[in-house]
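Asks: Sharing a structure below in structure tokens format, with a few things to ask.
The values are calculated or read from the model by the stated rules, or taken from the named source; none is laboratory data. Predicted, not measured: the structure shown is a model, and the values here were computed from it. Methodologically, a virtual Cβ is constructed for each residue, glycine included, from the backbone with ideal geometry; neighbour enumeration extends over all protein chains shown. Protein only, heavy atoms only, side chains kept; ligands, DNA and RNA dropped before computing areas. Shrake-Rupley method; radii C 1.70, N 1.55, O 1.52, S 1.80 Å.
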Amino acid sequence: DMKKSILYQIFILLGILIAGCDENGDDGYYDNAYRVYFPKTSMLCKLGTEPATVTRYTVNVPVSILGLGAKEGMKVKVKVDPQKTTAGSDLYATIPEEIEFKKDSIVTYIPVELLRDNITSEKDTTFQICLTLVANEYFALGIKENLGVEIKFTNYLGRPSWWGVFEQYIGRFHQKKYLKLMEIWGGEVTLLDVAAKEAKLILVCKEMYDFFMKNPEDGVVLPLHPMWPYE
């Protein structure tokens with residue numbers, strides 16, 4: 001009758017929903033395996049905006065477990081993909097082949113240490129390190145599209161668009177000037193900073209100017225006797 005037919009259709013629908021919830025793994029169904037993947041497949045590091053004192057910089061690359069947290073301390077295996085990696089081995093420290101998930105955790109991090117002193121600061125020089133996950137006794141592989149990650153990095157520091165606002169005081173752009181400015185300012189100078197804090201930035205420019213006037217050995221060219229609006 002009609003009531004039995006409706007109940008039958010409901011049971012069929014529930015069966016489809018339950019089967020859909022259990023889908024997982026390479027064969028399309030839940031196989032109770034711990035699986036890992038990269039939540040980010042691309043990362044960009046602009047070393048040029050870091051203070052000059054930063055000679056080594058660590059990018060922490062996240063790796064996630066698909067589903068429940070680790071039942072114990074469990075290691076995930078990782079390797080550098082030589083086909084996709086353009087950075088020479090002298091540009092980064094040795095990357096560990098195994099990283100541990102602590103008990104109950106679902107995220108761990110692969111430390112990729114960049115050796116800034118060896119990385120050119122020339123324009124249009126972006127390098128990349130590509131990592132891939134490898135199945136082992138603890139983990140199977142998760143989402144196919146997320147089994148690799150590209151860590152892109154550059155040490156180039158370009159002329160910011162706002163530089164012309166202060167050029168009459170500090171002269172033409174030079175990387176050393178901008179690095180010193182950021183050191184005094186406490187980070188990268190943005191267009192919003194220029195618009196909202198111009199007076200404060202002029203004082204920072206003057207501090208940078210005075211530093212290089214006292215340290216001519218740095219070879220930075222500055223205008224002579226600029227007319228500072230603030231002292």
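Asks: Does TYR156 meet the test of being surrounded by 14 or more Cβ atoms within 10 Å (Cβ to Cβ), in a loop (DSSP other than H, G, I, E, B) and either within 19 Å of the chain's Cα centre (by Cα) or of a type in the set (S, T, N, Q) (or both)? Give the steps one after another, and end with the answer.
Replies: Values: surrounded by 14 or more Cβ atoms within 10 Å (Cβ to Cβ): yes; in a loop (DSSP other than H, G, I, E, B): yes; either within 19 Å of the chain's Cα centre (by Cα) or of a type in the set (S, T, N, Q) (or both): yes.
So TYR156 fits the description; yes.
Asks: Out of contact with any Phe, Trp or Tyr (no Cβ under 9 Å at 6 or more places or on another chain) and of a type in the set (Ser, Thr, Tyr), is that true of TYR109? Walk me through it before giving the result.
Replies: On the way: out of contact with any Phe, Trp or Tyr (no Cβ under 9 Å at 6 or more places or on another chain): yes; of a type in the set (Ser, Thr, Tyr): yes.
So TYR109 fits the description; yes.
Asks: Please enumerate the residues belonging to region 60-81 that are under 13 Å from ILE129 (Cα atoms), buried (at least 18 other Cβ atoms within 10 Å of the Cβ) and in contact (Cβ under 8 Å) with a residue 60 or more places away in the chain.
Replies: Once the filter is applied, which keeps residues that are under 13 Å from ILE129 (Cα atoms), buried (at least 18 other Cβ atoms within 10 Å of the Cβ) and in contact (Cβ under 8 Å) with a residue 60 or more places away in the chain, region 60-81 yields only VAL61.
Asks: Looking at region 186-202, which of its residues are open to solvent by 40 Å² or more (accessible area, probe 1.4 Å) and within 32 Å of the chain's Cα centre (by Cα)?
Replies: GLY186, GLU188, THR190, LEU191, LEU192, ALA195, ALA196, LYS197, GLU198, LYS200
Asks: So, one more: Considering only residues that are small (Gly, Ala, Ser) and free of Cβ contacts under 8 Å to residues at least 12 places away in the same chain, which ones fall in region 188-218? So that I can check it myself, show each step before the final result.
Replies: Taking region 188-218 and keeping what is small (Gly, Ala, Ser), we get 195-196, 199.
Within region 188-218, ALA195, ALA196 meet the criteria.
Asks: Another question, if that's okay. Got at least one residue in region 47-59 being of a type in the set (Ser, Thr, Tyr), part of a loop (DSSP other than H, G, I, E, B) and open to solvent by less than 30 Å² (accessible area, probe 1.4 Å)?
Replies: To start, the set of residues in region 47-59 that are of a type in the set (Ser, Thr, Tyr) comprises 49, 53, 55, 57-58.
Add one more test, that the residue is part of a loop (DSSP other than H, G, I, E, B), and what stays is 53, 55.
Those left that are additionally open to solvent by less than 30 Å² (accessible area, probe 1.4 Å): none.
The answer is no, given that none of the residues of region 47-59 is of a type in the set (Ser, Thr, Tyr), part of a loop (DSSP other than H, G, I, E, B) and open to solvent by less than 30 Å² (accessible area, probe 1.4 Å).
Asks: Evaluate the following for LYS84: is it over 29 Å from GLY187 (Cα atoms), open to solvent by 20 Å² or more (accessible area, probe 1.4 Å), out of contact with any helix residue (DSSP H, G or I) (no Cβ under 6 Å at 6 or more places or on another chain) and in a strand (DSSP E or B)? Can you show your working first?
Replies: On the way: over 29 Å from GLY187 (Cα atoms): yes; open to solvent by 20 Å² or more (accessible area, probe 1.4 Å): yes; out of contact with any helix residue (DSSP H, G or I) (no Cβ under 6 Å at 6 or more places or on another chain): yes; in a strand (DSSP E or B): no.
No.
Asks: Take ASP90 and tell me if it is charged (D, E, K, R), open to solvent by 30 Å² or more (accessible area, probe 1.4 Å), part of a helix (DSSP H, G or I) and in contact with a helix residue (DSSP H, G or I) (Cβ under 7 Å, 6 or more places away or on another chain).
Replies: yes
Asks: Next question. When you check GLU183 against the structure, is it assigned to a helix (DSSP H, G or I), open to solvent by 60 Å² or more (accessible area, probe 1.4 Å), over 30 Å from VAL76 (Cα atoms) and not β-branched (Val, Ile, Thr), yes or no?
Replies: On the way: assigned to a helix (DSSP H, G or I): yes; open to solvent by 60 Å² or more (accessible area, probe 1.4 Å): yes; over 30 Å from VAL76 (Cα atoms): yes; not β-branched (Val, Ile, Thr): yes.
It is true that GLU183 is assigned to a helix (DSSP H, G or I), open to solvent by 60 Å² or more (accessible area, probe 1.4 Å), over 30 Å from VAL76 (Cα atoms) and not β-branched (Val, Ile, Thr).
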